[in-house]
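Below is one structure, written out as structure tokens, with a few remarks after it.
We did not get these values from a lab; they are worked out from the coordinates using the rules stated. Remember, predicted model here, so these are calculated numbers, not experimental data. Note that we place each Cβ from the backbone using ideal geometry, even for glycine, and neighbour counts take in every protein chain shown.
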Amino acid sequence: MRTDAKVVHLKASAEQKPTSPAGRLPVALISVRDKAAQQLRLALQTLFDNADDSLFEIADRATSNAEQNAFFEAMRDLRMKRRGIERSFLQQVFESFSKLNQYEIGKPAPQEASFESLALVQNDELEESVAIDTMVAKVMSRASQPLSHLTTRINVLVSKKLDDKNNPLGPQQLCEYFLEACRSLGVEIKVKLIILKLFERYVLTDLEQLYAESNQILVAASVLPELQSAQPRRSSGRPAASGSSPSRSGAGFSEAPAYVDSGVQEAFGSLQALLSELRGSALPARNLPSDAIPISSNDLMRLLSHLQSRAPQQVDEFDLQDQLEQLLHRVSAKSGKSRVVGEVDEDVINLVSMLFEFILDDRTLPDSLKALIGRLQIPVLKVAVLDKTFFSRGSHPARRLLNEIASASMGWADQDEVQRDSLYQKIEQIVARLLNDFVDDPAIFSELLADFLAFTGDERRRSELLEQRTRDAEEGRAKAEMARQEVEHALNQRLLGKTLPEVVVRLLQEAWSKVLLLTCLKHGTQSEQWQAALATMDDLIWSVAPHEDLESRARLLELVPSLLKNLRDGLVSAAFDPFSTSDFFTRLEALHVQTLQQLNKPAKTAPASEPLDLGSSAADQKLELPPREDPVNEPASSAMVEVNEEIVLLAPGETREHEPEINLDDNDEALMQVDNLRVGSWVEFQEDEEHKLRCKLAAVIKPTGKYIFVNRTGMKVLEKTRMGLAIEFRRGAIRLLNDALLFDRALESVIGNLRSLKNNNGR
């Protein structure tokens, strides 16, 4: 039969998936994607680094407490979710590129919006949409040509045709990625619009440069080199965030990035304003001599370095401000002129002192580590004097170092000198290094931060591995426990209240229970294997029960061969002791012979077997199969046992603890505290008056309802039920540890206290 080569087989085409890949992205397009992702990632980091400043400034101008609190909540929410937003945004960028070379078959056409549907759009969504349109229009007004050229070049390389609107790097798409990534933010529309404004400022501003660089990559790959675009204009505020920019986390911040503008300083300016308003009322006034001459920041740094070299081991009795005043008195006496700290530097000193007061009072930090961190007050103060962005920039190396030390020590418990672990020693080394080596070059903080992150990264990987093993072991235990309960139920359902030959009861409890357990774990209770194992157990029980009719005799004769085979196969699969197995079959054979003999005798002459309860000789024996002796002539082979207690299956040495049954209402506060616990939460248990246990919730095992807690190394240290935890919460024996960033909590507390003082003074 002749086949036309031009025929298209419809069946093959129809089987093609709606989004079947037509091939990998071209190398040049991958380069564009990676370059763009790098620049967008840096731009997003810049956005979040500056978000606190902007929101703080706006909160400072708020007209009501509710409005102010909304901005503070937004600051906190952004801080907690920034990594997730960054990750989601970049993931969408990568996914959009991956779809460029995919066919989309059968995609429904977009429906035209009707007036009725538009009327349903909420006001918030309308404001959001208007803001997006405005942002996109601004980008298009200055970057339409390079974007159009980029779109044209991409169309040459991919199967899916694009326009500027659905270009993965177009402003419309980038805004949609960002909106989608921010869906988890629970902020009001007013705050969301501010965040969108920040996105425009720190991300969209540099798109013209991004398009230019992307076009250059494609031109270098000989993709439409004849298209000529105008040179991009660099924004005056800051240079484009590109891959060639030095990493903020690795470089010393003495080289301030060019994008830091006046807005970065506004957070410190707002704090200064608060301090000046409170000076003389809630805070002590500056009583300066008329001839007082303020010292320079450089002179202050030298005085602080002098104090730093003589800093005591214990900070309890160390008053930095008092020590500094004494030094100034001596300097004034030598020079004959009254020397004082300048107002700006004094504000920095006051703020840092307040921050460390919070840190040293913080209940989350162990006392021994408080003593170490407290010794860092002078180095941190020197950093703040050198760089006021310390108060506003979350990525500041000094701030990050404090936060990372506090986070790493969350699960650290106070120990003896002899038992100091590697974490304590590492923090001790960092403190010693800063006190000995830090003069006026803040780059040392970046160096120590990188070193500490490498150290904690190794520790975290080890603890996560052990923690995962702990979770797996507990889940395995839970499955085994549930299976054991199923087996116990099956045994008790068939044996409880019945009188059966002792050897059969012992076999089912000690041997066949293992067969059932393995079957349940491997196949589940809905499987054919489980039903077959239960049927074998039922057949065994029936086969040793007394029968008086010939029909039962015939059934027994037919049943015994298959029963013995099933029993033997099951015991072999459970690796039961072969000697005990052989002994059991000998006894079972004797029982079956006895049953058949009784069926052959007249009913009136049949010997009556007297049942024995477990209180006689059978109860005095340990429930295990007898040793391999000659059991044929033993009368115990036909001894009867009444099963009058529930069968409980326990491993050797295992005990089953029953917690006291305490029922609390579903709306009980303690139960709500338990339900609010999330995996990863750190808690502190008050074991007794002297001992506390810090541990992390590693898993909630749903089948058993067990809450599993591990220590800092990932080892299991505690297990509680939901109700047991609730009881501990009710009696105040559990305290949830605050795992928010230490410095950020301290700064929020200081700002809150200052505002509270301001409000009180205003009344």
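Mind sorting T63, T152 by how few other Cβ atoms lie within 10 Å of their own Cβ, fewest first? Don't skip to the end; give the middle numbers.
Working: T63 7, T152 16.
Fewest to most other Cβ atoms nearby, the residues stand as T63, T152.
Could you put L100, L150 in order, starting from the residue whose Cβ has the fewest other Cβ atoms within 10 Å? Each step should come with its number before you reach the end.
Numbers: L100 21, L150 26.
Lowest to highest Cβ neighbour count: L100, L150.
Just want to confirm a number: the relative contact order over the range 661-740, from Cα pairs under 8 angstrom separated by 6+ residues, in percent. Display every interim value, and only then the final one.
Working: 117 pairs, mean separation 24.7, N = 80.
Contact order relative to length: 31 percent.
Taking R0 as 22 Å, what FRET efficiency do you get between N436 and R302 from their Cβ-Cβ distance, rounded to the nearest 0.05? Don't jump to the answer; show the numbers that get you there.
Numbers: r = 17 Å, r/R0 = 0.75.
Using R0 = 22 Å, I get an efficiency of 0.85.
Test of the criteria: in the range 176-226, which trypsin sites (Lys or Arg not before Pro) are in a DSSP loop and have at most 13 other Cβ atoms within 10 angstrom of their Cβ? If you can, show how the numbers build up before the last one.
On the way: sites: R183, K190, K192, K197, R201; in loops: R183.
Those that pass, being in a loop and sparsely packed, are R183.
Length gain on complete extension for the stretch T63 to Q529, per 0.36 nm per residue less the alpha carbon to alpha carbon distance?
Numbers: separation 466, 0.36 × 466 = 167.76 nm, distance 7.20 nm.
Between T63 and Q529, full extension yields an extra 160.6 nm.
For R568 paired with R87, estimate the spin-label separation in nm (one decimal), with each label point 7 Å from Cα along the Cα-to-Cβ line.
Label-label distance for R568 and R87, simple model: 5.8 nm.
Give me the one-decimal nm value for the distance between modelled label points at S681 and S335, 7 Å along each residue's Cα-to-Cβ direction.
5.6
May I ask you to list the GluC sites (Glu not before Pro) in the range 166-234 that are in a DSSP loop and have at most 10 other Cβ atoms within 10 Å of their Cβ?
Working: sites: E176, E180, E188, E200, E208, E213, E226; in loops: E188, E226.
Of the GluC sites (Glu not before Pro), the ones in loops of the range 166-234 whose Cβ has at most 10 other Cβ atoms within 10 Å are E226.
Can I get the semi-axes of the range 340-438's equivalent ellipsoid? Compute them from the C-alpha gyration tensor as square roots of 5 times the eigenvalues, in angstrom, largest first. Could you put the intermediate results ahead of the total?
Values: eigenvalues 136, 37, 32 Å².
Ellipsoid semi-axes (Å, largest first): 26, 14, 13.
With the Cα gyration tensor of the range 661-740 in hand, convert its eigenvalues to equivalent ellipsoid semi-axes via √(5λ) and list them largest first in whole Å.
Numbers: eigenvalues 72, 47, 30 Å².
Ellipsoid half-lengths, sorted descending, are 19, 15, 12 Å.
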